[in-house]
1. Pull up the DSSP beta bridges for the chain and report the antiparallel fraction as a percent, rounded to 5.
2. Sticking with the crude label model, points 7 Å out along Cα→Cβ, report the distance from GLU30 to GLU7 in nm, one decimal please.
3. Give the peptides 152-161, 63-72, 206-215 in descending order of average Cβ contacts within 10 Å, highest first.
4. Please enumerate, by chain and number, the aspartates and glutamates with C-alpha under 18 Å from the C-alpha of LYS158, excluding those fewer than 8 residues away in the same chain.
5. Distance between the C-alpha centers of the range 1-38 and the range 147-223? Whole Å please.
6. Quick one: if you stick a label point 7 Å off each Cα along the C-beta vector at ALA240 and LYS260, how many nm between them?
7. If you stretched the chain out fully between LEU94 and GLU58, how much longer would it get, using 0.36 nm times the residue separation minus the C-alpha to C-alpha distance?
8. Would you mind getting the accessible area per residue of the chain, heavy atoms of the protein chains only, 1.4 Å probe, in Å²?
Amino acid sequence: MNSVILESASPGVAIVKISRPQALNALNTETLLELKEVLTKIAYDTSVRAVVLTGDGEKAFIAGADIAEMKDMTMAEGVRFSQLGHEATKLLELMPKPTIAAVNGFALGGGTELAIACDFIIASDKAVFGQPEVGLGIIPGFGGTLRLAKFVGYPRAKELIFSGRRVKAEEALRIGLANEIVPAANLMNRALEVAQDIASQSATAVAAAKRLLTEFSESVGLNFKLDSEAQSFGQLLGTADQREGMTAFIEKRKPAFVGKQGD
Ligand code: CAA
């Protein structure tokens with residue numbers, strides 16, 4: 001594994017750490033494939049009873065999907081990339097054991113989307129959330145158009161996705177995105193404490209509770225809805241605004257968008 005680290009914390013708690021420090025843990029295809037492999041292994045490992053997902057280093061949880069990789073994608077590649085993100089997030093959301101996001105810094109775009117695919121979020125006081133995709137000429141593509149509203153409600157999810165603005169830790173707590181905020185230095189201790197508390201309960205009962213709370217009835221339409229997101233995400237790849245938005249990020253300048261509604 002190049003960019004996903006699996007550690008075990010006693011007893012019964014696994015730590016999954018995204019580690020691409022050179023790109024603030026941004027998710028490229030390789031990282032997503034590795035993450036899927038690790039999460040699949042954990043899902044079937046009965047010795048693991050709770051999972052903590054975090055980012056390597058002090059600055060970022062995950063700074064989003066990899067913009068350098070997405071920049072020149074075709075529409076079909078965009079759909080596939082979005083679907084890969086869906087496969088990873090569904091593993092977090094649907095595995096029969098609790099997943100906790102320990103958000104230690106920037107959680108932008110795909111970073112927020114991985115955090116909200118977990119059962120709940122514990123964030124450091126340095127955490128920064130957001131869905132900045134519209135500023136890149138795209139939309140959230142790893143489930144954000146479905147899952148953000150579950151945490152913050154539809155009006156706020158719309159405001160955040162339409163504006164792309166960042167949400168600092170205190171606001172994240174206030175709007176229900178994060179369950180708890182702790183000083184950065186205590187984040188992992190606190191996340192592990194919560195995970196260990198859960199791991200000491202009946203694994204069968206916790207799995208049943210997760211299944212009901214995740215509402216499998218609701219997930220009947222999940223694949224259809226996620227596929228719809230993947231198609232919309234893919235359709236924005238290759239547009240003038242997407243090329244401009246991502247080129248501007250890489251060239252460290254503001255984008256000059258030309259697209260109009262209805263294009
Ligand atoms: N993809 C690729 N590389 C990224 C990245 C990303 N999402 N985020 C950061 N990096 C890279 C930067 O390009 C930079 O690389 P170089 O040193 O080679 O120039 C390095 O990580 C450090 O980043 P910055 O110099 O930008 O660090 P900063 O402290 O000035 O800013 C930041 C930090 C605010 C997180 C800024 O990096 C940023 O805005 N990143 C992009 C956030 C973003 O837009 N995420 C959404 C991506 S789209 C998405 O996720 C779509 C989806 O739903 C599928």
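The values are calculated or read from the model by the stated rules, or taken from the named source; none is laboratory data. Worth saying up front: this structure is predicted, and the values here are computed from it rather than measured. Every residue, glycine as well, gets a Cβ built from its backbone with ideal geometry; the counts of neighbours run over all protein chains shown. Please note that ligands, DNA and RNA were not included when accessible areas were found on the heavy atoms of the full protein model with its side chains. Shrake-Rupley method; radii C 1.70, N 1.55, O 1.52, S 1.80 Å.
1. Taking every DSSP beta bridge with both residues in the chain, the antiparallel ones total about 30 percent.
2. 2.2 nm
3. 63-72, 152-161, 206-215
4. GLU113, GLU133, GLU171, GLU229
5. 19 Å
6. Reported label-point gap for ALA240 and LYS260 is 1.0 nm.
7. Numbers: separation 36, 0.36 × 36 = 12.96 nm, distance 2.84 nm.
Length gained between LEU94 and GLU58: 10.1 nm.
8. 47 Å²
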